[in-house]
Amino acid sequence: MTDITFHGGVQDIGGNKFLVNDRGTKIFMDFGMSFSQEGQFFSQFLGPRTSNSLIDMFELGILPKIKGLYRRDYARHMEFGGDEETEIDAVLLTHAHVDHCAYIPYLREDIPIYCSEESKLIMQNFDETSSDQYLTLKERFQVYTNTKGEISRATGDKVTIPRKIKVFESGKAFSIDSINVNPLPVDHSIPGVHAFILHTSEGSVANTADLRFHGRRANDTEQFVETCNESDLDLLLCEGTRIDKTHSITEYDVETKVAEIIKNTKNLVICGYPIRDLDRLLSFYNAAKNTGRYLVVDLKQAYLLKLFDESSVLRGKYPGPRDPNLKIYIPRGSWGLLDKDLTKFSKRQLIMDYAGWQQEFLDYPNVVDYRDVLKNQKDFVFYCSDFKLQELIDVKPKENSSYIRSLTEPFDMEMELKEELIKNWFMHFGVLSKEQDWHQIHVSGHGDGTQIKKVIDGSNAKKLIPIHTQHEEYHRKWHGNVQSIEQHGLVKL
Ligand SMILES: [Zn+2]
């Protein structure tokens with residue numbers, strides 16, 4: 001018997017958590033966060049309590065209540081088992097966007113995570129540049145007996161446990177007990193995205209992950225659809241994020257339009273784009289290079305480029321951190337010693353101003369700080385994230401500077417409020433005037449209706465289940481056998 005339980009990612013955009021059970025072999029495809037579910041109960045100032053997080057999340061229906069699934073330090077502390085064997089054999093990760101991967105840090109450390117090299121490095125980047133625990137779990141709620149014989153709290157996450165990360169190769173099938181898995185690359189807005197075709201004892205199932213045909217890797221998506229067609233699919237789980245849209249520009253159009261704006265800007269070009277979308281970074285990198293400017297990236301992007309550059313599989317796919325057309329921006333550290341008198345402090349103090357992962361970049365030949373950007377505005381395309389707008393105070397964009405916003409347009413009130421705030425910053429510095437909007441140049445990671453129809457038609461699956469969408473009516477229009485699934489619903493193969 002084979003079935004799939006949908007613990008998220010149906011009638012919702014994101015939060016994918018599909019549990020496949022094939023004669024007792026149990027694997028999750030993705031273990032992501034649903035923005036809509038979390039947003040229903042939580043906000044920036046209201047979250048699950050650390051000491052009770054699992055129970056809080058179960059109560060609100062955000063995490064599935066399954067024994068043996070969650071990290072043992074949490075499970076024991078929250079009295080939800082922790083000493084049992086796990087029944088879950090693996091998690092297959094399509095890609096490292098949070099709506100597909102954000103709850104991995106809650107998982108038990110001995111459940112293997114199968115992912116692409118790119119996804120592994122992006123999760124490593126999350127862990128090492130913030131306090132996430134994707135690849136390495138740091139045990140919490142531990143006690144020890146001190147020298148006086150008293151029971152004390154262990155602090156500072158002393159015990160670290162690496163997760164079992166299994167990196168798969170594109171197009172190279174592997175088996176998890178009775179299930180054969182074929183990971184196939186598809187085009188999307190973060191590196192290393194893979195769709196899966198599973199061959200189970202009762203039939204074959206494909207999961208599209210998130211995909212499109214208008215990025216730099218459209219051929220991958222074509223090839224995936226082709227392989228689906230040859231696989232005699234019993235079931236296709238097909239995304240439909242933008243299925244109600246009819247038009248998409250391409251990633252190459254983004255590059256061309258960005259270059260056009262750079263050409264017409266006398267002083268500084270400032271830009272914002274999704275920090276881990278390296279294909280978008282490439283669009284800005286190419287546009288800057290072709291117009292005689294340097295792209296200035298922040299330390300987090302430099303660190304990600306470094307990880308990719310150090311990987312023998314990925315080297316050369318994206319510019320390395322020492323690329324001559326790239327500059328790395330060093331912001332003020334925690335004491336802001338960057339421009340202070342170092343006879344009063346010291347070089348050592350300056351280094352201490354930065355986190356461990358940031359320090360090595362201080363010695364790179366291609367670093368710049370605000371003084372360089374301030375002085376030579378016409379030489380740079382300056383990446384400035386929504387969370388680092390204070391840099392504008394130092395960089396001081398001169399008259400005839402531009403801002404290119406290459407991020408998704410707001411789709412709810414909260415985001416609209418944020419856009420107002422961001423506009424205020426650029427208006428304050430005269431980059432935008434009240435009448436003039438910023439340059440919004442973006443293309444989504446998801447295919448429009450025409451593209452999704454091509455996936456549905458081309459795959460030729462016997463049955464279709466819409467995932468990652470709020471518009472199932474389009475799937476129904478384009479396929480004769482569509483099944484709707486409720487949250488936590490089960491489908492037999
Ligand atoms: Zn995605």
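The values are calculated or read from the model by the stated rules, or taken from the named source; none is laboratory data. Small disclaimer: the values here were computed from a predicted structure and weren't measured. Because the Cβ atoms are built from the backbone with ideal geometry, glycine has one as well, and the counts that use them run over all protein chains shown. Just the protein is used for accessible areas: all its heavy atoms, side chains included, with ligands, DNA and RNA removed. Shrake-Rupley method; radii C 1.70, N 1.55, O 1.52, S 1.80 Å.
For the range 1-116, a Kirkwood radius taken over Cα pairs fed into Stokes-Einstein (4 °C, viscosity 1.567 mPa s) yields D = 89 µm²/s.
Computed in the context of the full set of protein chains, the accessible area of the range 287-347 at 1.4 Å probe radius has 48% of its extent on carbon or sulfur.
So which of 317/347; 263/396; 347/378; 26/172; 17/388; 344/398 end up more than 27 Å apart by C-alpha? With Cα atoms farther than 27 Å apart: 317/347; 347/378; 17/388; 344/398.
Of the GluC sites (Glu not before Pro) found in the range 379-440, those in coil by DSSP whose Cβ has at most 16 other Cβ atoms within 10 Å are 399, 435.
Give the Rg/Rh ratio for the range 251-440, taking Rg as the radius of gyration of the Cα atoms and Rh as the Kirkwood radius, to two decimals.
0.97
Working note: Cα gyration tensor of the range 300-396, eigenvalues times five, square-rooted, sorted largest first, giving semi-axes of 24, 18, 12 Å. Think of a 1.4 Å ball rolled over the protein heavy atoms: the range 251-440 then has 50 Å² of accessible area per residue.
Based on DSSP, what percent of beta bridges with both residues in the chain are antiparallel, to the nearest 5?
50 percent
With all projection directions averaged, the alpha carbon convex hull of the chain covers 25.9 nm².
If the only charges are +1 at each Lys and Arg Cβ and -1 at each Asp and Glu Cβ, what is the size of the charge dipole of the chain around the Cα centre, to the nearest 20 debye?
The dipole magnitude comes to about 1380 debye.
Calculate what fraction, in whole %, of the accessible area of the range 115-233 sits on carbon and sulfur atoms when a 1.4 Å probe is rolled over the protein chains. Reported share for carbon and sulfur atoms: 43 percent. The separation of the range 66-91 from the range 113-184, counted between C-alpha centres, amounts to 15 Å.
³J(HN,Hα) across the range 7-20 via Karplus (A = 6.51, B = -1.76, C = 1.60, θ = phi - 60°), whole Hz, x for Gly/Pro? Rounded to whole hertz, the list is 8, x, x, 10, 6, 7, 9, x, x, 4, 8, 9, 9, 8.
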